[in-house]
Amino acid sequence: MSIASDWNIQQKNLKELISKKETFDSAKELYLSMHKYLHFSDIDDTLMNQLWKSLDTKDFSIMPTIKDVTIAWNIWHITRIEDLTINILLNESNQIFNKEWKKKLNVEFTDTGNAMTDDEIMELSRNINIDVLKEYRKAVGNQSQNILSKLVFEDMKRRVESKNIEKILKEGGVTTHPDSIWLLDFWGRKNVAGIILMPGTRHQIGHLNDCINLKEKIDKKKDYYKS
């Protein structure tokens, strides 16, 4: 399993196409395709499909070394960030995550996980309901596709509203820890096109690539103890 070798080229093309009205239709087709590749699909063999079907349940909560995180954390992290940025910042609506999802997921956390300690990462990874995490990611991905498909070129330069940045903090999407709250400043400097480019596409591919690397480390450890 490998990430499409032309991803960086696609990302570069997207950045160019999305900035011009005459190429926006091509940009829209491209970013919808790239985004879809990062999520579950009942039709296409996406990267998310490939990753998930290669994992055992216990693989999600393994931290191979103290320099690593876990696969569960990576998926939680990118999905929470997408939920917050696409729904609250880009669409100016409500995030999908709520008290019901929190209960079903069996988590105590509501933020993106940027400032989590190793112990907190392991707590999240061991307790989270993996089947519900899959459903949450599906729900976020499907809603994002719906929102992204309706955008027009004139939306691209629309700036993120400060009231929506404040909403993320109020709803616990980030914490006041320095390793978490910096995200609000980072997102606050972006427009809609910037949210699509980062974190909408580039951020997610990086973390899914990390998941693949983690799976390879886990498999090597399994092989070592079998030998």
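Here's the yes/no breakdown for (1) charged (D, E, K, R); (2) under 17 Å from the mean Cα position of the chain (by Cα):
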| site | (1), (2) |
| --- | --- |
| Leu105 | no, yes |
| Arg126 | yes, no |
| Val140 | no, yes |
| Phe153 | no, no |
| Lys163 | yes, no |
| Val174 | no, yes |
| Leu184 | no, yes |
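Can you find a residue that is at pLDDT below 95 and either part of a helix (DSSP H, G or I) or out of contact with any helix residue (DSSP H, G or I) (no Cβ under 7 Å at 6 or more places or on another chain) (or both) anywhere in the stretch 24-32? For the stretch 24-32, residues at pLDDT below 95 and either part of a helix (DSSP H, G or I) or out of contact with any helix residue (DSSP H, G or I) (no Cβ under 7 Å at 6 or more places or on another chain) (or both): absent. Within the stretch 177-209, the set of residues being out of contact with any Lys or Arg (no Cβ under 7 Å at 6 or more places or on another chain) and of a type in the set (S, T, N, Q) comprises Ser180, Thr201, Gln204, Asn209. All conditions but one from (1) closer than 29 Å to Ile165 by Cα; (2) under 15 Å from the mean Cα position of the chain (by Cα); (3) not small (Gly, Ala, Ser) apply to Trp52; the one that does not is (1).
Scanning the stretch 50-106 for residues that are in a loop (DSSP other than H, G, I, E, B) and within 30 Å of Arg158 (Cα to Cα) gives Asn91, Glu92, Ser93, Asn94, Gln95, Ile96, Phe97, Asn98. Being open to solvent by less than 70 Å² (accessible area, probe 1.4 Å) and within 25 Å of Lys21 (Cβ to Cβ) is not true of Met116. Residue count for the stretch 128-138 satisfying the condition of being within 16 Å of the chain's Cα centre (by Cα) and either in a loop (DSSP other than H, G, I, E, B) or among the basic types (Lys, Arg) (or both): 3. Taking (1) open to solvent by less than 20 Å² (accessible area, probe 1.4 Å); (2) without any contact (Cβ under 8 Å) to a residue 40 or more places away in the chain in turn, Ile78 satisfies each apart from (2). So which residues in the stretch 111-136 are among the β-branched types (Val, Ile, Thr) and either free of Cβ contacts under 8 Å to residues at least 40 places away in the same chain or over 25 Å from Asn49 (Cα atoms) (or both), if there are any at all? Once the filter is applied, which keeps residues that are among the β-branched types (Val, Ile, Thr) and either free of Cβ contacts under 8 Å to residues at least 40 places away in the same chain or over 25 Å from Asn49 (Cα atoms) (or both), the stretch 111-136 yields Thr117, Val132.
Scanning the stretch 166-214 for residues that are of a type in the set (Ser, Thr, Tyr), farther than 29 Å from Val152 by Cβ and touching a residue at least 60 places away in the same chain (Cβ under 8 Å) turns up Thr175, Ser180.
Condition check: basic (Lys, Arg), part of a helix (DSSP H, G or I) and either at positive phi or in contact with a His (Cβ under 8 Å, 6 or more places away or on another chain) (or both). Does Lys163 satisfy that? Against the criterion (basic (Lys, Arg), part of a helix (DSSP H, G or I) and either at positive phi or in contact with a His (Cβ under 8 Å, 6 or more places away or on another chain) (or both)), Lys163 does not qualify.
The residue of the stretch 166-206 that is surrounded by the fewest Cβ atoms within 10 Å (Cβ to Cβ), among those that are at pLDDT 95 or above, in a helix (DSSP H, G or I) and of a type in the set (Lys, Arg), is Lys170. Summed over the stretch 15-63, residues that are open to solvent by 40 Å² or more (accessible area, probe 1.4 Å), in contact (Cβ under 8 Å) with a residue 60 or more places away in the chain and closer than 20 Å to Lys134 by Cβ total 4. Being outside any loop (DSSP other than H, G, I, E, B) and either open to solvent by less than 40 Å² (accessible area, probe 1.4 Å) or out of contact with any Ser or Thr (no Cβ under 7 Å at 6 or more places or on another chain) (or both) is a property that Leu151 lacks.
The values are calculated or read from the model by the stated rules, or taken from the named source; none is laboratory data. Given the structure is predicted, the values throughout are model-derived calculations rather than measurements. Cβ sites come from the backbone with ideal geometry, for glycine too, and all protein chains shown count toward neighbours. For the accessible areas, the whole protein counts, side chains as well, though only heavy atoms, and no ligand, DNA or RNA atoms are used. Shrake-Rupley method; radii C 1.70, N 1.55, O 1.52, S 1.80 Å.
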